[in-house]
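Remarks on the structure that follows.
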Amino acid sequence: MVIRVTSSRGYKLISGKPLAFNELKKAVNEIMRGHIERDFIDTFCSIYGYKVLPYTEG
């Protein structure tokens, strides 16, 4: 599963095991409750075993 994450610092692509929409929504909400936005990608990847993919827009 590849997910494009939009943040105040631009876009990132992350890749990992497939999650159902409800699972993904729950995971995002749990992380956002306990962490600031700039730490979201690192935290999500660490907890769920995802990796950040190289990405350049254009």
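Here, each number is a calculation from the coordinates, and none is a lab measurement. Computed from a prediction, not measured in an experiment: that's the story for all the values here. Every residue, glycine as well, gets a Cβ built from its backbone with ideal geometry; the counts of neighbours run over all protein chains shown.
Here are a few things to note about the model shown:
- Cβ-Cβ under 7 Å pairs, at least 6 apart or on other chains, segment 38-52 side over 12 Å from Val5 (Cα atoms), far side surrounded by 14 or more Cβ atoms within 10 Å (Cβ to Cβ) and not aliphatic (A, V, I, L, M): Tyr48/Gly16; Gly49/Gly16; Tyr50/Gly16; Tyr50/Phe44; Lys51/Gly16; Lys51/Cys45
- Residue list for segment 34-50, restricted to those being exposed (fewer than 15 other Cβ atoms within 10 Å of the Cβ) and closer than 17 Å to Gly10 by Cα: Ile36, Glu37, Arg38, Asp39, Asp42
- Residue match in segment 4-16 (condition: loosely packed, with under 10 Cβ neighbours inside 10 Å, free of Cβ contacts under 8 Å to residues at least 24 places away in the same chain and not small (Gly, Ala, Ser)): yes
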